[in-house]
Amino acid sequence: MLEDITRYSGERFLRVGAHSHVKGLGLEGLKAKFAGDGLVGQVEAREAAGIIVKMIKEGKMAGRAVLFAGPPGTGKTAIACAIARELGRDVPFVTMSGSEIYSSELKKTEILTQAMRKAIGVRLRERRRVYEGEVFQLDVKTRRHPYNPYQEVPDHVVIGLVTKDDRRVLRAGATIASYILSQGITVGDVITIDAETGRVTRVGRSEEAAERYDIAVVDERPVPRPGGPVEKEKEFIYVLTLHDLDQLSAQSRSGGLLSLFFGAPPTREIDNEVRREVDEMVKRRVEEGTAEIIPGVLFIDEVHLLDIEAFSFLNAAMESELAPIIILATNRGMTKIRGTDMISPHGIPLDLLDRMLIISTRPYTRDEIRKILEIRAAEEKARLKAEALEKLTDIGEQTTLRYAVQLLTPSQIIARENGNEEITPGDVEIAVKLFSDVRRSVQELEKWKDKYMY
Ligand SMILES: Nc1ncnc2c1ncn2[C@@H]1O[C@H](COP(=O)(O)OP(=O)(O)OP(=O)(O)O)[C@@H](O)[C@H]1O
Ligand SMILES: [Mg+2]
């Protein structure tokens, strides 16, 4: 789900699923187990993250931000990923890298605004009057097209609906008739018809009908025939994000309501006027009790890539009522804030730093490195001889954990080619020769510097 955005091209190799072994924070209460849910060591940072998860769940984090700061490969992105897992599917968790704000099509502030609004969920409840049941009779009457006598158009429909307890025959107009035709609804389908809009939704094939008529059920699981009366009030729950609502409302404004069903291209820039109206609608519905706001998380990795403009925008946006929780991560120490000549810790302006909870990650110990490599190897179904694991652990200690993790897949391929069932230290050595870590690559650059093009 989370993608690790890496800077060194050599690292692209393992990009997909670099954190797939991370299932959670591995806590017992507020205490971190040495190894749990795929995470190893980094105990204080994980326990701090656990408290953040609690604060988020209790709604005490709104308008605040957390910063993960630490050297490369110390698990900042992995722990952010674990936070997302702990929060569960219902809490929106949006991930971006600082570099994503630089686009030729959209303004930086627009990209940030969209990301922030994707991180706020809205659960909308709606009671609607519907007709629901299994179709037992269907008769679409057509008539001549008013302008084209050779074409028939739906005129009205007579439709019989049956539930476990009720049975009704309805006569409906052209709108419903054409919905029914366009969705290919037949006798035996379970459908709902919205009483107000006439919108017809096919729920599925009824179990009874599937048994009675269908020779082979086409990969679709039949649904039970509904109970109760055909005409009823039903509650529908939709979970959308503020950004979804912005898009829906921008599109319906531009007259393209139908495009919603056919996946219209996303509107590029959204009017602030549209956003204001959406906010008002949501607030009104929250007061009425028909909507609930689910504040989520916006995770900005490599946050030092943001510039001063983006930082001031974030600072202001965090004040707004409908702001998500913001989690940032960086591996920079004292460095220039992009777009200025000012040096600041982590390249982040002091006023923004000041309102953040900072969680530090530290380099791993040998035991931690070994254990992480073991977990990663299992995840990638790579089998290692004990000496090969020690060799990789040495490498992780001397260079970076990420480099050692990256070597697993190439070593595995080399081992297979060499006819080894388990990766041997020799296979690892070959992988090390073929792929440089960053420091070695810089040394190479130095060595050959007069041969490069400038
Ligand atoms: N404590 C840990 N337990 C298990 N796996 C870990 C742990 N820390 C890091 N890893 C794994 O090691 C690799 C590197 O870690 P990660 O990408 O999280 O580092 P990072 O701190 O975000 O580095 P960078 O500053 O370069 O972005 C990833 O595959 C990650 O899942
Ligand atoms: Mg990272």
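The numbers here are math on the coordinates, done by the rules we state, and not lab data. Here the structure is a predicted model, which means the values were calculated and not measured. Here Cβ is always computed from backbone atoms with ideal geometry, including for glycine, and neighbour counts include all displayed protein chains.
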Separation of the Asp394 and Glu280 label points, Cα + 7 Å toward Cβ, nm: 7.0 nm
Rounded tilt (10° steps) of 272-288 against the dominant C-alpha axis of the chain: 70 degrees
Per-peptide average of other Cβ atoms within 10 Å, ordering 32-45, 121-134 highest first: 32-45, 121-134
Projected label distance in nm at Ser360 and Arg168, using a 7 Å step from Cα toward the beta-carbon: 6.8 nm
Two-site label geometry, Thr340 and Arg212: point separation in nm, points 7 Å out along Cα→Cβ: 7.4 nm
Nearest-0.05 FRET efficiency for Arg129 and Ser320, computed from C-beta distance (R0 35 Å): 0.45
Net charge of Cβ neighbours under 12 Å - reference His145; Lys, Arg +1; Asp, Glu -1: 0
Per-pair calculated FRET efficiency, R0 = 56 Å: Leu434 and Leu248 via Cβ, rounded to 0.05: 0.65
Cross-link partners of Lys108 among lysines (Cα-Cα below 23 Å; sequence separation of 8 or more within a chain): Lys118, Lys336
Angle between the chain longest axis and helix 366-379 axis [Cα atoms, degrees, rounded to 10]: 40 degrees
Burial ranking of peptide ranges 319-330, 410-421 (average Cβ count within 10 Å, highest at the top): 319-330, 410-421
Calculated SAXS-style log₁₀ I(q)/I(0) at q = 0.06, 0.07, 0.13 Å⁻¹ - the chain, Debye, Cα scatterers: -0.41, -0.55, -1.16
Peptides ranked, highest mean first, by Cβ atoms within 10 Å: ranges 288-299, 76-87, 350-361, 397-408: 76-87, 397-408, 288-299, 350-361
Other-chain or far-sequence residues with amide H under 5 Å of Leu138's (modelled H): Gly160
Residue-count net charge about Arg338 - beta-carbon cut-off 12 Å; Lys, Arg +1, Asp, Glu -1: -1
Entries in Lys76/Lys107; Lys23/Lys234; Lys371/Lys447; Lys33/Lys76 that, when Cα-Cα distance is taken, lie over 25 Å: Lys76/Lys107; Lys23/Lys234; Lys371/Lys447
Length-normalised contact order for the chain - Cα pairs under 8 Å, 6+ apart - percent: 20 percent
Longest to shortest principal axis, alpha-carbon extents of region 126-237, angstrom: 43, 37, 25
The chain: antiparallel DSSP beta bridges as a percent of all, rounded to 5: 70 percent
